[in-house]
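Novice: Before anything else, here's the structure in question.
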Amino acid sequence: MKALKQTHNSVVRAWQPHLLDVLMLLLRLYVAWVFWRAGYLKLTNWPATEYLFEYEYLVPLLPWQMAAVLGTATELMVPLFIASGLLTRLMGGVLFVFNAVAVVSYPVLYQDGFALFAKGAMDHQIWGLMLLFIVLLGAGRWSLDRRLVID
């Protein structure tokens with residue numbers, strides 16, 4: 001039994017860094033794709049985007065026109081940093097806060113109850129958790145951060 005445990009531990013030690021790099025790359029690419037696609041959809045149908053920001057989204061502290069431009073720009077630019085792994089922790093934090101503001105600003109997500117348990121907020125919770133992993137663990141070895149020795 002002891003030999004089996006030692007074999008298991010050595011295999012885990014050997015493979016864990018590689019699997020973590022694969023996981024971080026997949027997390028970065030998926031989250032980047034989700035937010036970039038949302039920004040692209042907003043950009044390609046600007047009248048609908050303006051309507052959403054004027055009547056649906058209740059973004060605090062900003063006029064709806066500015067919120068529409070900044071939100072769309074954030075969704076288009078920040079994912080490029082995350083996908084490439086450049087300034088990953090910083091950009092992951094930016095997108096984490098952006099995601100939280102999106103949940104707070106869109107009452108439809110929590111109209112059935114507290115936002116933490118609403119069906120519509122589940123995607124945002126998953127994306128937030130993924131972004132939290134990115135912020136805490138960094139981009140991994142397959143990133144520009146690692147190439148430029150930023151991480």
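Novice: Of (1) exposed (fewer than 14 other Cβ atoms within 10 Å of the Cβ); (2) of a type outside the set (Lys, Arg); (3) in contact with a Phe, Trp or Tyr (Cβ under 6 Å, 6 or more places away or on another chain), Leu87 satisfies all except one. Which?
Specialist: Among (1) exposed (fewer than 14 other Cβ atoms within 10 Å of the Cβ); (2) of a type outside the set (Lys, Arg); (3) in contact with a Phe, Trp or Tyr (Cβ under 6 Å, 6 or more places away or on another chain), Leu87 violates only (1).
Novice: Are any of the residues in segment 46-53 within 19 Å of the chain's Cα centre (by Cα), aromatic (Phe, Trp, Tyr) and either crowded, with 16+ Cβ neighbours inside 10 Å or under 12 Å from Ile134 (Cβ atoms) (or both)?
Specialist: no
Novice: Of the numbered conditions (1) over 25 Å from Met24 (Cα atoms); (2) among the hydrophobic types (A, V, I, L, M, F, W, C); (3) surrounded by 13 or more Cβ atoms within 10 Å (Cβ to Cβ); (4) modelled with pLDDT under 90, Leu70 satisfies every one except a single condition; which is it?
Specialist: All conditions pass for Leu70, except number (4).
Novice: OK, next. Taking the condition under 15 Å from Leu95 (Cβ atoms) and surrounded by fewer than 17 Cβ atoms within 10 Å (Cβ to Cβ), does Trp33 pass?
Specialist: Taking the combined requirement at face value, the residue satisfies it.
Novice: Right, something else. If Leu87 satisfies all but one of (1) out of contact with any helix residue (DSSP H, G or I) (no Cβ under 7 Å at 6 or more places or on another chain); (2) touching a residue at least 60 places away in the same chain (Cβ under 8 Å), what's the number of the condition it fails?
Specialist: Evaluating Leu87 over (1) out of contact with any helix residue (DSSP H, G or I) (no Cβ under 7 Å at 6 or more places or on another chain); (2) touching a residue at least 60 places away in the same chain (Cβ under 8 Å) leaves (1) as the failure.
Novice: In the list Phe35, Phe81, which residue meets the criterion of being part of a helix (DSSP H, G or I) and in contact (Cβ under 8 Å) with a residue 60 or more places away in the chain?
Specialist: The conditions single out Phe35.
Quick grid of which residues meet (1) at pLDDT 90 or above; (2) under 14 Å from Leu27 (Cβ atoms):
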{"site": "Leu62", "(1), (2)": "yes, no"}
{"site": "Gln65", "(1), (2)": "yes, no"}
{"site": "Ala83", "(1), (2)": "yes, yes"}
{"site": "Leu90", "(1), (2)": "yes, no"}
{"site": "Val101", "(1), (2)": "yes, no"}
{"site": "Tyr110", "(1), (2)": "no, no"}
{"site": "Leu116", "(1), (2)": "no, no"}
{"site": "Gly120", "(1), (2)": "no, no"}
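The values are calculated or read from the model by the stated rules, or taken from the named source; none is laboratory data. As the structure is a computational prediction, the values presented were derived from the model and not from experiment. Don't worry about glycine lacking a Cβ; one is built from the backbone with ideal geometry, like all the others, and counts go over all protein chains shown.
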